[in-house]
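The values are calculated or read from the model by the stated rules, or taken from the named source; none is laboratory data. Every value quoted in this text rests on a predicted model; they were computed, and no experiment measured them. Using ideal geometry, Cβ is built from the backbone for each residue, glycine included, and neighbour counts are taken over all protein chains shown. Side chains included, ligands, DNA and RNA excluded: accessible areas come from the protein's heavy atoms. Shrake-Rupley method; radii C 1.70, N 1.55, O 1.52, S 1.80 Å.
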Amino acid sequence: MGAIPVLEDDGLVLAESLAINLYLARRHGGDLGPRDEAENALMVQWALFGAASVEEPALAIQNAYQYGRTETEEGRAEVERAKERLHRPLKALEAHLGVRQWMVGSRFTVADINLAEIVRYAQADAGLLPLYPAVDGWLRMCQGRPAFQRMWDERSREPVRP
Ligand SMILES: N[C@@H](CCC(=O)N[C@@H](CS)C(=O)NCC(=O)O)C(=O)O
């Protein structure tokens with residue numbers, strides 16, 4: 001695909017981070033992966049929902065802030081348009097997480113890992129996620145986990161490409 005990440009496992013070469021995570025969880029992840037076909041279907045559903053409905057506008061928000069475009073009228077309008085597109089999927093997530101702690105199966109799973117990483121991009125806009133308290137709380141729970149904290153620490157020590 002000309003991009004990272006890519007996984008090589010036992011002869012299988014797999015691209016796309018969401019697919020890699022689903023595969024790793026299913027093959028090696030114990031309770032992070034699905035316990036049955038219904039859970040598997042829901043985990044795939046939420047990954048596709050994240051990729052199809054959340055990722056593009058959420059990344060637009062993150063990039064606008066990261067590259068200083070919010071200093072301009074045009075950049076701020078870009079963020080507003082992306083936020084408009086996120087309200088519908090965030091409303092759906094809010095309803096889902098308003099009545100349960102985790103995305104699938106009453107435990108932290110790969111569905112949380114995949115979606116939390118996509119929703120994280122929208123955190124660049126400090127005003128957006130607090131409008132969705134269940135989503136905001138869930139994301140903070142995901143990011144408060146020791147495994148996330150370790151990953152984030154390591155990642156922040158990686159060299160940044162200019
Ligand atoms: N949808 C892909 C996106 C992959 C992607 O865009 N990766 C970036 C780094 S995060 C990349 O390799 N870009 C090409 C480059 O930087 O040359 C995935 O989730 O794996």
Quiz item: Of the heavy-atom accessible surface of the chain (probe 1.4 angstrom), what whole percent is carbon and sulfur?
Solution: 53
Self-check item: Alpha-carbon Debye profile of the chain, log10 I(q)/I(0) at 0.13, 0.15, 0.20 Å⁻¹
Solution: -0.68, -0.90, -1.44
Quiz item: Tell me, what is the percent relative contact order of region 85-147, built from C-alpha pairs under 8 Å that lie six or more residues apart?
Solution: 35
Quiz item: Please identify the chymotrypsin sites (Phe, Trp or Tyr not before Pro) of region 16-119 that satisfy two criteria: DSSP loop assignment and at most 12 other Cβ atoms within 10 Å. Which are they?
Solution: TYR67
Quiz item: Do any trypsin sites (Lys or Arg not before Pro) in region 54-162 lie in a loop, going by DSSP, with at most 11 other beta-carbon atoms within 10 Å of their beta carbon, and if so which?
Solution: ARG157
Exercise. For the chain, report the accessible area per residue in Å² (1.4 Å probe, heavy atoms, rounded to an integer).
Key: 61
Self-check item: Theoretical FRET efficiency, 1/(1+(r/R0)^6), r = Cβ-Cβ of TYR67 and GLU39, R0 35 Å, to 0.05
Solution: 0.35
Quiz item: For the chain, what does -39500 (n - 2.57) per DSSP helix run (n ≥ 4), summed and divided by total residues, give at 222 nm, in deg cm²/dmol to the nearest 500?
Solution: -19000 deg cm²/dmol
Quiz item: So what's the angle, to the nearest 10 degrees on a 0 to 90 scale, between helix 110-119 and the longest Cα principal axis of the chain?
Solution: 10
